[in-house]
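Following: one structure in structure tokens, then a few remarks.
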DNA sequence: GTCGGCGCTGTAAACGATTACAAGAACGAT
DNA sequence: ATCGTTCTTGTAATCGTTTACAGCGCCGAC
């Protein structure tokens, strides 16, 4: 009645359980043995039990991907890439949402010790010593998709935000925009700090000063809109001066850096949120204000106008991270590798 | 050196393994016993092995969610909802992408017999007898998020597409649009057939005839653009007649149903794809053409103009599906339930 | 003909937890 | 003081697989 076990198959085939197991795992056996076992398996509809197998071989053939927010399209891209690699290698993927708190990330990493998965790819939003420690002590292999110090002694795959920022700023310069504002996510996050430093460096290298900088409360669309409101109130805006200026920008605006003709956002969701606020003020993208996002997610081509975005290689990072994880599962002695994926710029209609 | 087992804890605490297990599972024990065990656990950093536990108790505390395409924002919404419910109940979520082929869905359901998860929520894109059969025979509880015949004898949670279509058509009528085109996904899919029937019924009920109907190759953004190209070539378009008409619509267009002033798309991704093609032809949404999507995903509020969309309750469907699954895991004797979630219309700027 | 070697098969011991069952302790009632 | 009840604890079986080890043919070589 209940599911047949390997013992039932053995009985039906008139052989030992060991032989059944061997046939099922492709170990050497005579043609007749294979034949009998396969017939019995077929007849009973036997399917090996993953739980028992996991216990014995010490592996679950599952890998975990932990991201902060599945609603962020960049994680969807990454998830796709990871899925592809790990499923090709015969693993299932467990996707976990950690949320924005580092304590939940730590709890997750600690929990890996239960052995429900053979490895972890984690893209931590916030990093502290506890997290580093938990990763270093973790029983199962961990790959970090993001930036943690080399001292953590863990495989990492990260983006090159500074280079990406440089691409963005240079592209704006090349198209004649110099009055640039920057909307970042929380600076106490890993991507937030990287973007902040990258933007500062890129601007310095180009001899520019930011017209304005705003820190959104998180990396979501809603936060992008809020940041847009904050950014656009009281600033003199637009190439044509058709915007706030016509409606009378505050006097202080000039002092804060002058007119605004371009916005760089720390990710695509923020960029799209800002574009909505620009539209609400009847400012035209890119004519009045150019907008550049980061991540080059699917949203960048779906939004309107299509968003020029810095491709930080999220798909490649996902792929490489998954590959590193698989490699480490096979060989845990190898020295940790630190891969940096280089950015490219996907130019679309949101910049002139 | 390697991970401590319950036997190690028992030795360190000077008690039996049974006692350790009991303390860990909160079964009655004296204060001193609890004390000793907890100290030993603390000292050794013991964490129970999920694999061994799974084998013994016959449960993995994992649930699987199978969707066709993680890139579709409606699945992201659903996934969030499912995640929330199942993780609150102490389960992990395994997200699997089946792709568009029914054979892969069947393989997935069959594979559940391995017992790597305690239940499955599947949102099948295509359904055939094999799939129904595999679901009926499945060893672990299955809940279908979608439409399968009652004869399958399985819990289902589905949307009410016809009602949703009615909401869309009525909204267009109420805003003075009668020349409606419909862009569907593949009609050999579950949502595709439901939408097709719903649209036909809604139009009949309103005494209207479709100006045009296009079937996209799948439910993606790219397919939406292709469908947009097909739809818009040679049709006379727009309330103001400022569009194709000015550039000379083909003579045949009138015969095919006359001018076009509204498009209903089978989901948000298709709608957004179409909006891009409208924009490429300098047609203004909603002034020239109104657009309505379905799913009311995050993309609907992120795109521009924000998309009026039929909310088919994807979050609620996810939640209810997860709840049904948890309930069935607790009690597999209960008769199958078939829940229908009612739609609402989220009116935004893409309709007048 | 015997023996070594090789290759297949079966027996039984793991893997690390839970839990049925039995045994012992403690305690109150008679 | 004895007995029965209750509560706690320990012993050992069990979940379904994999795999070390031993046994047993069979073959070729001497």
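The values are calculated or read from the model by the stated rules, or taken from the named source; none is laboratory data. Predicted, not measured: the structure shown is a model, and the values here were computed from it. Here Cβ is always computed from backbone atoms with ideal geometry, including for glycine, and neighbour counts include all displayed protein chains.
May I ask you to verify whether residue A:169 is in a helix (DSSP H, G or I), crowded, with 23+ Cβ neighbours inside 10 Å and either out of contact with any strand residue (DSSP E or B) (no Cβ under 8 Å at 6 or more places or on another chain) or at pLDDT 95 or above (or both)? Yes, satisfied. Checked against (1) within 16 Å of DNA strand D (Cβ to nearest atom); (2) within 11 Å of chain B (Cβ to nearest Cβ); (3) assigned to a loop (DSSP other than H, G, I, E, B), residue A:99 passes all but condition (1). Kindly indicate whether residue B:106 is more than 9 Å from DNA strand D (Cβ to nearest atom), on the phi < 0 side of the Ramachandran plot and under 16 Å from the mean Cα position of the chain (by Cα). So residue B:106 does not fit the description; no. Checking the stated criteria, residue A:214 turns out not to satisfy the condition of being part of a loop (DSSP other than H, G, I, E, B), touching a helix residue (DSSP H, G or I) at 6+ places or on another chain (Cβ under 6 Å) and at pLDDT 95 or above.
Kindly evaluate residue B:93 against the criterion of being touching a strand residue (DSSP E or B) at 6+ places or on another chain (Cβ under 8 Å), away from DNA strand D (no atom under 13 Å from the Cβ) and at the interface with another protein chain (Cβ under 10 Å from one of its Cβ atoms). In short, yes.
The criterion of at least 1 residues that are within 9 Å of DNA strand C (Cβ to nearest atom), touching a helix residue (DSSP H, G or I) at 6+ places or on another chain (Cβ under 7 Å) and at the interface with chain B (Cβ under 9 Å from one of its Cβ atoms) is met by the following helices (runs of 4 or more DSSP H) wholly inside the range A:1-84: A:50-57.
Taken over the range A:35-59, the criterion of being more than 13 Å from DNA strand D (Cβ to nearest atom) and surrounded by 16 or more Cβ atoms within 10 Å (Cβ to Cβ) is satisfied by A:36 alone.
Scanning the range B:11-27 for residues that are within 9 Å of DNA strand D (Cβ to nearest atom) and in contact (Cβ under 8 Å) with a residue 24 or more places away in the chain yields one hit, B:13.
One line per residue, one yes/no per condition, for (1) at pLDDT 95 or above; (2) more than 21 Å from the chain's Cα centre (by Cα); (3) surrounded by fewer than 23 Cβ atoms within 10 Å (Cβ to Cβ):
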residue: A:241; (1), (2), (3): no, yes, yes
residue: A:258; (1), (2), (3): no, yes, yes
residue: A:264; (1), (2), (3): yes, no, no
residue: A:274; (1), (2), (3): yes, yes, no
residue: A:281; (1), (2), (3): no, yes, yes
residue: A:284; (1), (2), (3): no, yes, yes
residue: A:292; (1), (2), (3): yes, no, no
residue: A:326; (1), (2), (3): yes, no, yes
residue: A:330; (1), (2), (3): no, yes, yes
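State whether the residues of the range B:122-135 include one that is within 14 Å of chain A (Cβ to nearest Cβ) and not in a loop (DSSP other than H, G, I, E, B). Yes.
Being surrounded by fewer than 24 Cβ atoms within 10 Å (Cβ to Cβ), within 16 Å of the chain's Cα centre (by Cα) and over 30 Å from residue A:55 (Cα atoms) holds for only one residue in A:176, A:185, A:207, A:99, and it is A:99. Taking the conditions (1) in contact with a strand residue (DSSP E or B) (Cβ under 9 Å, 6 or more places away or on another chain); (2) surrounded by 22 or more Cβ atoms within 10 Å (Cβ to Cβ); (3) at pLDDT 95 or above in turn, residue A:302 satisfies each one other than (1).
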